[in-house]
Structures are given as C-alpha cells and as structure tokens.
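All remarks here apply to the structure that follows.
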Ligand code: SF4
C-alpha cells in the first residue's frame, strides 16, 4: 500500500490521505504562498489503458524547495542533476520539477485536481516549516524503485526500448512502462515486481 506523505523523524506530520491531512494540528491560517495551479495538458498515460496523465504548473516555481521536499519525503526519488523529485500521492506517480508537476495513472480527470490540492497544501506546509527543515541536496532513491531495479535481469539489452534496466525500472515505477515489456523477465521476479507495483499503486482514496 502506498504510504502517502511522511514527515517522519525530521518532521512534524504524517499524512496517509485526506482525512489524516485534515486532522493535522497547527496548520497555518495566513501563510499560503502557493495559491493556485493550472492544468496545462491532459494526455493518455504512457502505460496505456484508459489512464490519464496530467501536466500542471503552480503559480510559482518550486525548484528551490525540492531539497526540502527531499528531506521530508521518505518515499521519493530525488534527481539533483535534472532537478526532479518523484514520489506518489494516492498511489499515483507524481514528478515535481521547478515549473511543472506531472501526475500519471489517473483513472479520471477530477483525480488530478484532488491530488493537486493535496500537493498545494503539502508544498505550503513545507514553506511554512522551511526554517526548521535541513534541506537534502544529494540524490535519493525510493526503496521500492531499488527493489524493482534489482529484480530486473540488469543486462541492459535495450529490448524493452529503454537504454538501460535502470531507466526501465524508473518508468515501471512511474507507470510509464509495463513489466511484460521486458522480454527477459521471468518468474518469480515478474511476480515480485508486480507486487511492488501494486504496493505503489494501491489507492488511498476509496
Ligand atoms: S528488456 Fe529487460 S533486461 Fe533488457 S534493458 Fe529492458 S529491462 Fe533490462
């Protein structure tokens, strides 16, 4: 099951879903630096099916804040070179960069707005607490992504269309690839990877 947002040992809160979020104490009333977002594109999800992918933008750039998000989110992959932080919200992969937010695996368009509202609240909470958070600038890899990667054949044969198994693992994680596209993947690794993907994608919303 996706574990949602963590503020673990370093932080202040744990949010497993909208109800937990609303129950949090101490939410500031007057400091809401990010006020809005715009949905720029609604596209078919690259993993196929009827799922959707949304590209959106907040009303300000968030690149400088990514190391702070990296510090408070346990389930995240942070690429300090590309300036992206990949995590999940309600079981959907979310990629944050300075100017854009990409949300994948959406089952209906309204879910993007629900997730963007949660993200906006989360980003504002980080802004509020920024002085108390030690930013982490180093790259970080989500442990589930790591487990997916080590379950792949790791021959970098490129038969799946990706240059490396590492790239394929990242796309599996973010819902842009499917395990069956790796022709060298056999059981029990196939089952293990599917179970890991189910863990990411298990929705928190009813
Ligand atoms: S087909 Fe499988 S083994 Fe080959 S590069 Fe892709 S993930 Fe790696």
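What follows is calculated from the coordinates using simple rules that are stated; it is not laboratory data. Here the structure is a predicted model, which is why all the values come from computation and not from measurement. Methodologically, a virtual Cβ is constructed for each residue, glycine included, from the backbone with ideal geometry; neighbour enumeration extends over all protein chains shown.
On full extension, the segment bounded by residue 130 and residue 194 gains 19.4 nm, given 0.36 nm per residue less the C-alpha separation.
Overall dimensions of the range 50-206, expressed as equivalent-ellipsoid semi-axes from the Cα gyration tensor (√(5λ), whole Å, largest first), are 28, 18, 13. Using R0 = 22 Å, the C-beta based FRET efficiency linking residue 98 and residue 36 works out to 0.85.
If R0 equals 30 Å, the separation of the Cβ atoms of residue 43 and residue 137 corresponds to a calculated FRET efficiency of about 0.45. The modelled label-to-label distance for the pair residue 50/residue 156, using points 7 Å beyond Cα in the direction of Cβ, is 4.1 nm. If you bin all the Cα-Cα distances of the range 76-128 at 10 Å, starting from zero, the percentages per bin are 23, 56, 20, 1.
Once you sort the root eigenvalues of the Cα gyration tensor of the range 143-201 as a ≥ b ≥ c, which label holds: rounded (a/c under 1.5), prolate (a/b larger than b/c) or oblate (the other case)? Cα axes put the range 143-201 in the prolate bin. With both labels modelled 7 Å from their Cα along Cα-to-Cβ, the residue 178 to residue 117 distance reads 3.3 nm.
Over the C-alpha trace of the range 34-125, radius of gyration and Dmax come out as 12.4, 35 angstrom.
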